[in-house]
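Asker: Have a look at this one.
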Amino acid sequence: TDPEMVAGWPSVPYDSPAVYWQGNDTQKLPRSMHKEHRGKVLDLIRAAGPLPGGLVLVQGGVARERNDSDHEPIFRQESNFHYLFGVAEPDCFATIHTDTGTSTLFVPRLPPEYAVWMGAIATPDDFKLKYEVEAVRYVDELAAAIADMAPSTIYVYSGVNTDSKA
């Protein structure tokens with residue numbers, strides 16, 4: 001049987017493949033689907049003739065706060081970030097190395113006080129297992145990580161969204 005899901009995380013460890021699942025009667029989708037999506041993006045970049053040593057940099061959705069209130073607006077992940085990584089948590093970034101396809105997820109470093117109100121804080125290894133990426137680091141390490149990678153080109157979103165025209 002499947003474990004109870006709490007905020008998108010299984011309440012007990014289990015050894016089955018990682019899945020994207022919203023609980024109850026919703027469809028379970030293998031996390032490998034997001035890796036396939038990343039591969040398709042890399043194929044498009046490579047077909048366009050990228051420079052060796054390139055890096056794709058994507059930003060997830062940003063959590064919004066409502067001051068002087070006892071609740072926050074419901075978070076919704078940025079659609080392209082969700083398509084590529086399936087990440088549910090806000091304030092994340094990710095990179096994909098164009099030569100190797102290696103993906104690194106960058107998550108916020110939460111203060112110990114977070115656990116008082118929200119429960120145990122997920123570790124980088126927890127995120128790595130959940131999202132099937134090769135590496136997980138903290139957002140406050142992003143600039144140093146990019147500098148260490150020394151990419152020849154950094155690919156970011158630009159232009160007009162063909163759906164929303166934004």
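Asker: Filter region 113-131 down to residues that are charged (D, E, K, R) and surrounded by 15 or more Cβ atoms within 10 Å (Cβ to Cβ) and give me whichever is nearest to GLU141 (Cα to Cα).
Answerer: LYS128
Asker: Consider only pairs whose beta carbons are under 8 Å apart and that are at least six residues apart or on different chains; among these, list those whose first residue lies in region 104-127 and is basic (Lys, Arg) and whose second residue is surrounded by 12 or more Cβ atoms within 10 Å (Cβ to Cβ).
Answerer: Hits for this filter: ARG109/TYR138; ARG109/VAL139.
Asker: Checking the structure you have, find out if any residue of region 146-163 is over 17 Å from VAL41 (Cα atoms), at pLDDT 95 or above, assigned to a helix (DSSP H, G or I) and under 17 Å from the mean Cα position of the chain (by Cα).
Answerer: yes
Asker: Since ILE74 meets every condition but one in (1) part of a loop (DSSP other than H, G, I, E, B); (2) of a type in the set (A, V, I, L, M); (3) modelled with pLDDT of 90 or more, which condition does it not meet?
Answerer: Condition (3) is where ILE74 drops out.
Asker: Could you list, in sequence order, all residues of region 77-104 that are hydroxyl-bearing (Ser, Thr, Tyr), surrounded by fewer than 21 Cβ atoms within 10 Å (Cβ to Cβ) and assigned to a loop (DSSP other than H, G, I, E, B)?
Answerer: Selection gives THR100, THR102.
Asker: In region 129-145, which residues are modelled with pLDDT under 95, assigned to a helix (DSSP H, G or I) and either more than 27 Å from ALA18 (Cβ to Cβ) or touching a helix residue (DSSP H, G or I) at 6+ places or on another chain (Cβ under 7 Å) (or both)?
Answerer: Matches in region 129-145: TYR131 only.
Asker: Let me ask you something else. Does GLU65 satisfy being modelled with pLDDT under 95 and under 26 Å from ALA143 (Cβ atoms)?
Answerer: yes
Asker: Can you tell me which residue among VAL116, VAL107 is closer than 29 Å to LEU29 by Cα and β-branched (Val, Ile, Thr)? Give the derivation first.
Answerer: Values: VAL116 fails: closer than 29 Å to LEU29 by Cα.
On inspection, the qualifying residue turns out to be VAL107.
Asker: Looking at LEU110 and the list (1) hydrophobic (A, V, I, L, M, F, W, C); (2) in a loop (DSSP other than H, G, I, E, B); (3) buried (at least 17 other Cβ atoms within 10 Å of the Cβ), which single condition is not satisfied?
Answerer: (3)
The values are calculated or read from the model by the stated rules, or taken from the named source; none is laboratory data. The shown structure was predicted, so the numbers you read here are calculated from the model rather than taken from an experiment. As a convention, Cβ positions derive from the backbone with ideal geometry for all residues, glycine included, and neighbour counts pool all protein chains shown.
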